[in-house]
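Everything below concerns the one structure shown next.
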Amino acid sequence: MAGFLIHKKSNVTVFWMQKSGCTFLKNLFYALAVGNAYSNPQGIHSDRFARHRIKFRPFWHKIDPDISFVVVRDPVARVCSFYWNKIDSRAPNSKSKLRETLSRLAKLDHPSFRGFAEQRGETLDEHRYLLGLMLDAIGHVFADEERKFLNGHFARQNELILAGGANGLPVVALEQLHHDIPASVVDRLPELVTVLKGMPRMNESKKAFSAEELLTPELRTRIMNLYPQDVILHSKAIAANPTAECN
């Protein structure tokens with residue numbers, strides 16, 4: 001579920017979305033609230049104690065737009081991370097039911113496909129094939145006007161921002177987070193800069209191949225065609241447009 005992470009003392013707020021720096025941002029706001037880093041960064045999502053120290057509100061929360069911002073991620077990198085972390089991975093938090101749903105949708109175009117739980121990639125070509133099937137399945141989700149199977153881990157970021165009431169807030173690219181946080185936010189919460197610089201790099205996904213190896217030009221184009229507004233949104237953020245708008 002997307003929503004707002006809020007620093008209680010300052011009311012500084014960031015709009016939080018799955019697979020868009022979600023683990024990093026939760027750890028950041030935990031460190032800001034507690035004064036030290038969380039001991040198990042990857043386990044922060046399931047720790048009740050950590051959840052109580054991080055103020056989170058869903059879409060309906062009212063925010064102060066002057067001290068709030070949105071973090072977006074390159075949609076191509078985000079989709080690849082989703083593939084490795086939720087489709088290829090067999091870790092306890094890898095969303096087996098979500099794999100089953102996407103398997104059913106992929107079978108609409110590929111009846112002989114056994115499913116993502118049964119067919120795991122080993123070679124580069126096998127991973128490319130499975131990524132392509134995952135994109136077919138996501139395409140079916142997006143084509144369904146009711147979005148019955150939409151999940152925040154692969155939902156379009158621009159749609160989550162619009163639904164969440166975060167449109168019009170300053171947009172920061174995840175890659176530029178360390179130096180593009182709005183000045184009004186830093187003024188309200190000066191320690192954010194120091195804590196941010198001290199945060200360890202977090203890469204939850206176990207990747208057999210890099211994105212450069214995995215993505216053929218065709219696969220990259222397919223992702224961009226599925227997420228056209230996210231491509232624009234991220235490009236504006238990279239260009240340091242502080243008020244990139246969703247469409």
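The values are calculated or read from the model by the stated rules, or taken from the named source; none is laboratory data. Quick caveat: nothing in here was measured; it's all calculated off a predicted structure. With ideal geometry, Cβ positions are generated from the backbone for all residues, glycine too; neighbour counts draw on all protein chains shown. Accessible surface areas use protein heavy atoms only, side chains included; no ligands, DNA or RNA. Shrake-Rupley method; radii C 1.70, N 1.55, O 1.52, S 1.80 Å.
Per-structure values
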item	result
Test: residue in segment 194-204 that is closer than 22 Å to L98 by Cα and of a type outside the set (F, W, Y)	yes
Some residue of segment 67-86 being surrounded by fewer than 21 Cβ atoms within 10 Å (Cβ to Cβ), in a loop (DSSP other than H, G, I, E, B) and aliphatic (A, V, I, L, M)	no
Criterion (in a helix (DSSP H, G or I), modelled with pLDDT under 95 and touching a strand residue (DSSP E or B) at 6+ places or on another chain (Cβ under 9 Å)) met by exactly one of L98, L25	L25
Filtered residues of segment 46-81 (kept if among the aromatic types (F, W, Y) and either over 20 Å from the mean Cα position of the chain (by Cα) or modelled with pLDDT under 95 (or both))	F49, F56, F59, W60
Candidate set from segment 123-142 (those that are more than 21 Å from the chain's Cα centre (by Cα) and free of Cβ contacts under 8 Å to residues at least 40 places away in the same chain); member that is farthest from E218 (Cα to Cα)	T123
Test: residue in segment 72-86 that is out of contact with any Asp or Glu (no Cβ under 7 Å at 6 or more places or on another chain) and over 20 Å from L150 (Cα atoms)	no
All positions within segment 1-43 that are open to solvent by 10 Å² or more (accessible area, probe 1.4 Å), touching a residue at least 40 places away in the same chain (Cβ under 8 Å) and among the aromatic types (F, W, Y)	W16, F24
Conditions (1) farther than 25 Å from M1 by Cβ; (2) open to solvent by 80 Å² or more (accessible area, probe 1.4 Å): number failed by D180	(2)
Subset of segment 113-154 (residues that are of a type in the set (A, V, I, L, M), assigned to a helix (DSSP H, G or I) and either within 24 Å of S20 (Cβ to Cβ) or open to solvent by less than 10 Å² (accessible area, probe 1.4 Å) (or both))	L130, L131, L133, M134, L135, A137, I138, V141, A143
Residue match in segment 100-112 (condition: under 19 Å from the mean Cα position of the chain (by Cα) and either in contact (Cβ under 8 Å) with a residue 24 or more places away in the chain or surrounded by fewer than 16 Cβ atoms within 10 Å (Cβ to Cβ) (or both))	yes
